[in-house]
Structure formats: C-alpha cells, structure tokens
Amino acid sequence: DAGVTQTPRHEVAEKGQTIILKCEPVSGHNDLFWYRQTKIQGLELLSYFRSKSLMEDGGAFKDRFKAEMLNSSFSTLKIQPTEPKDSAVYLCASSPQGFTGQLYFGEGSKLTVL
Amino acid sequence: GEQVEQRPPHLSVREGDSAVIICTYTDPNSYYFFWYKQEPGAGLQLLMKVFSSTEINEGQGFTVLLNKKDKQLSLNLTAAHPGDSAVYFCAVTINMGYKLTFGTGTSLLVDP
C-alpha cells in the first residue's frame with residue numbers, strides 16, 4: 001500500500017507569495033493532520049481533519065494558513081502571504097479511525113521563504 | 001496545557017552500547033504514549049504505542065517503559081547499531097483525544 005505522499009518535497013518562495021502544499025493520505029484513513037516542524041519550536045499542529053471535516057484549525061496559525069480537504073484522498077495547505085518565518089518542514093500525516101495517535105507521516109515539504 | 005520534556009537532546013554511543021532517552025510529562029490525564037523515529041529527510045515512523053502504567057514493552061532491539069507514578073516514559077535501545085541513528089520523539093495524548101504533544105526530540109548517533 002502507498003504511504004502518505006507529499007508534494008512538492010522542496011519549495012522556495014519569495015516573501016509575499018502564495019504557496020500550496022499537497023498531501024495524499026493513506027487510502028482508507030479517516031484522520032488527516034498537518035504539522036509544522038522547526039528546530040526551535042519542534043512539531044506544531046496546524047490542522048486536523050476527521051472524515052474530511054475540519055476539527056482543528058491551528059489557532060495561532062489560522063491567520064495566513066488554510067488547510068482544505070476536498071475529498072478523502074487529497075488535502076492542501078495554503079500559506080498566503082508567505083513570510084521568512086514560515087520556513088520549515090511541513091508534515092502531513094494520516095491515521096485510521098479509532099487508532100488515536102498512530103500517525104503515518106509523509107516525508108514532508110521543506111519550505112524556504114526568502 | 002501538557003508539557004513534555006525530553007532528554008538528552010543529543011546522544012552519541014558506540015555500536016553495541018545501550019542508549020536511553022527519557023520523557024517527562026506534566027498532565028496526569030495523559031493517556032496514550034508513543035515513540036516515533038525520524039530518519040534524515042523522512043517523516044516520523046511509529047515505533048511503539050503504550051498506555052498501561054508501569055508497562056514494559058519490547059520491540060525489535062528496544063524496550064519502552066511507562067511509569068505513570070513518576071510521569072516518565074523511556075526508550076532503551078539495548079544494543080544500538082548504526083541503523084538506529086535518527087531523531088527520536090516521544091508523544092503524549094490527553095485522555096483519549098487526538099492531539100499529540102511531542103517532546104523536543106533526541107538526535108541519536110551510533111558510531112560503528
């Protein structure tokens with residue numbers, strides 16, 4: 001079975017640009033998460049979907065970050081406008097329903113904002 | 001809210017030695033506990049999930065101990081090999097909620 005697929009693997013953006021990161025969860029998984037990973041802050045939850053419904057929108061992140069899940073097999077994370085402090089690795093993870101905390105992670109999208 | 005302290009941040013051992021990573025959490029309602037491994041350029045991979053108090057869980061080449069009395073979770077790699085070199089994260093949920101609070105990570109280097 002295919003794991004979680006994230007594209008692009010690397011993205012370089014100028015300050016103020018809009019970028020869209022994509023994620024395909026493991027087939028059949030009901031839960032989908034977006035995390036941001038940095039050396040300073042570690043892993044921070046951005047968004048959480050259960051059966052395509054947004055359950056958590058990331059609090060402090062919702063200003064310029066918007067995650068969507070248009071169907072059960074595809075999610076996007078839009079950052080608009082980007083700022084240099086958004087430089088990080090963005091990880092998508094999925095989980096089967098009822099398997100709390102047992103996340104399957106993608107390899108991540110590394111974003112650099114100049 | 002929940003805070004998870006993980007130590008040490010960096011650990012270097014020789015092949016065949018043991019390596020111990022410890023996480024201390026604060027919320028007494030912490031329910032599920034996890035260890036994840038992250039290799040360079042990759043996402044996190046689940047090593048083990050535990051939830052019973054003072055439970056020793058054995059995996060392939062490692063042991064996980066949960067001590068709810070002291071609010072500690074530990075990972076012991078019993079005979080480390082170079083393939084164990086990675087960053088290890090503990091993670092905790094409150095009650096049976098979905099939200100994971102991650103530790104800060106331990107970068108383990110195993111020298112051949």
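Rule-based calculations on the coordinates, nothing more; no lab input. Computed from a predicted model, the values in this text were never measured in an experiment. We place every Cβ from the backbone using ideal geometry, glycine too, and count neighbours over all the protein chains shown.
The mean count of C-beta atoms from other chains within 10 Å of the C-beta of residues in A:43-54, rounded to a whole number, is 2. The C-alpha atoms of chain B occupy a region whose extents along the principal axes are 41, 28, 20 Å, arranged from largest to smallest. Projecting label points 7 angstrom from Cα along Cα→Cβ for A:Ala2 and A:Ser27 puts them 0.9 nm apart. Summing charges over neighbours of A:Ser109, with a neighbour being any other residue whose Cβ is under 12 Å away from its Cβ, gives +1 when K and R count +1 and D and E count -1. Per-residue Cβ neighbour counts within 10 Å put A:Ile40, A:Ile20, A:Ile79 in the sequence A:Ile40, A:Ile20, A:Ile79, beginning with the fewest. If both residues of a DSSP beta bridge must be in region A:5-60, then about 100% of such bridges are antiparallel.
Amide H to amide H distances under 5 Å link B:Gly59 with B:Val64, where only residues 5 or more positions off or on other chains count and H is placed in the peptide plane. When only alpha carbons are used to place a centre, region B:22-91 and region A:1-61 end up 24 Å from one another.
Spatially close Lys pairs in chain A, defined by Cα atoms under 22 Å apart and a spacing of eight or more places or different chains, total 27.
Per the Debye formula on identical point scatterers at the alpha carbon atoms of region A:12-60, with no solvent, log10 I(q)/I(0) at q = 0.14, 0.20 Å⁻¹ is -0.47, -0.88.
If eta is 0.692 mPa s and T is 37 °C, what Stokes-Einstein diffusion coefficient results for the protein assembly as shown, Kirkwood Rh from Cα pairs, in µm²/s?
181
The charge dipole of chain B, taken about the Cα centre with unit charges on the Cβ atoms of Lys, Arg (+1) and Asp, Glu (-1), comes to about 300 debye, rounded to the nearest 20.
Across region B:42-112, Cα pairs under 8 Å and at least six residues apart give a relative contact order of 21 percent. With the simple model of a label 7 Å out from the Cα in the direction of the Cβ, B:Val50 to B:Glu5 spans 2.0 nm.
Computed with the Debye formula from one identical point scatterer per Cα of chain A, without solvent, the log10 of I(q)/I(0) at q = 0.12, 0.13, 0.16, 0.20 Å⁻¹ comes to -0.37, -0.43, -0.66, -1.03. Working from Cα pairs under 8 Å separated by at least six residues, relative contact order for region A:1-90 is 32 percent. Of all lysines in the structure, the ones whose alpha carbon falls short of 19 Å from that of B:Lys69, not counting any fewer than 8 places away in one chain, are B:Lys49.
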